[in-house]
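Q: This is the structure, below, for whatever I ask next.
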Amino acid sequence: MGQSYMQMFVEETSFSNRMVLGAVLPTSFWQPLPHFLQSWLRNYTAGTLIYFVASFLWCFYIYYYKFNVYVHKDAIPSIKTIFMQIYVSMKSMPWFSLVPAISEYLVENGWSMCFPRISDVGWLSYARNVGLYCVFVELGVYWVHRMCHDIRPLYKYIHATHHVYNKQNMVSPFAGMALHPLDGILNSLPHMVILYIVPTHFTTHILLMFLVLMDNKHSRQRKWETLAFNGCGVPYCTSHNISSQLWSLYNLDGLDVWNSL
């Protein structure tokens, strides 16, 4: 790829940095930083804002606006539990933000199959590639998640942290990011690997990663609603964490439900 072609990616990430960081931080704070650190700080800032705004809105909807509808009033998690979920999430968020920053660095240096404009491939190829992207990412997240259950040291030292804060009567929208840092990084890897397999529109890739972040909230809806409305990468997450019917399947906490699909 030519240098001018690579520059399109740099210009796009620089624009995103200015839009996000310029809106919330003094220019003198972030502008002197190297481009990579600017991108990391933008991901961290945007991810944190999305986490709190989306989680708060879900809490307002299911605990207040739809009080005693989706969640029985006695099953609403305590404030202490929610604060613990926020604490764990905030410890891990800087590390979660590193993955998209690295993927952007790889794209900017030509080490991917990304393209900057839809016109580079046409709308038909673009739609096909987005479909393949979602399918492969979903499969990748599933197998990473299953690996974290099959390989006992991974479960004991990494993945178990997530299940501590996602038990019955504890799970809340703030629990979706309550992960060990390595757990979050492992689950993000499919979003990076796909860039070497499927030609991907760069902006769409970034948007899909943040949509998954927005959707990665344990909404405590009824099971059929959770399966129907949650998005790519996390459609089984709430049922996987709280359903005793799924826990009994192959001692994999419900992961084998996907084997029948």
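The values are calculated or read from the model by the stated rules, or taken from the named source; none is laboratory data. Small disclaimer: the values here were computed from a predicted structure and weren't measured. Cβ sites come from the backbone with ideal geometry, for glycine too, and all protein chains shown count toward neighbours.
Q: Looking at (1) free of Cβ contacts under 8 Å to residues at least 12 places away in the same chain; (2) surrounded by 14 or more Cβ atoms within 10 Å (Cβ to Cβ), which is the one condition that is false for LEU124?
A: Of the numbered conditions (1) free of Cβ contacts under 8 Å to residues at least 12 places away in the same chain; (2) surrounded by 14 or more Cβ atoms within 10 Å (Cβ to Cβ), the odd one out for LEU124 is (2).
Q: If you check TYR64, TYR87, TYR133, which single one turns out to be within 25 Å of ILE194 (Cβ to Cβ) and among the aromatic types (Phe, Trp, Tyr)?
A: When all the criteria are applied, what remains is TYR133.
Q: Okay, moving on. Going by the structure shown, is GLN31 of a type outside the set (D, E, K, R), more than 19 Å from ASN169 (Cβ to Cβ) and surrounded by fewer than 19 Cβ atoms within 10 Å (Cβ to Cβ)?
A: yes
Q: Checking HIS163 against (1) under 19 Å from the mean Cα position of the chain (by Cα); (2) not in a helix (DSSP H, G or I), which single condition isn't satisfied?
A: In the conditions (1) under 19 Å from the mean Cα position of the chain (by Cα); (2) not in a helix (DSSP H, G or I), HIS163 misses (2) alone.
Q: Name the residues in region 108-130 that are farther than 14 Å from ILE197 by Cβ, of a type in the set (Val, Ile, Thr) and in a helix (DSSP H, G or I), would you?
A: ILE118
Q: Would you please name the residue that is surrounded by the most Cβ atoms within 10 Å (Cβ to Cβ), looking only at residues in region 77-107 that are in a loop (DSSP other than H, G, I, E, B) and of a type in the set (Gly, Ala, Ser)?
A: SER97
Q: Given the conditions (1) part of a helix (DSSP H, G or I); (2) at pLDDT below 90; (3) of a type outside the set (S, T, N, Q), which single one is not true for MET1?
A: (1)
Q: Within region 50-76, how many residues are outside any helix (DSSP H, G or I) and among the aromatic types (Phe, Trp, Tyr)?
A: Number satisfying all stated conditions: 2.
Q: Only one of (1) in contact with a Phe, Trp or Tyr (Cβ under 8 Å, 6 or more places away or on another chain); (2) within 27 Å of ALA101 (Cα to Cα) is not met by TRP30, so which one is it?
A: It fails just one condition, (1).
Q: Across region 95-132, what is the total count of residues that are within 15 Å of LEU208 (Cα to Cα) and touching a Leu at 6+ places or on another chain (Cβ under 7 Å)?
A: Final tally of qualifying residues: 2.
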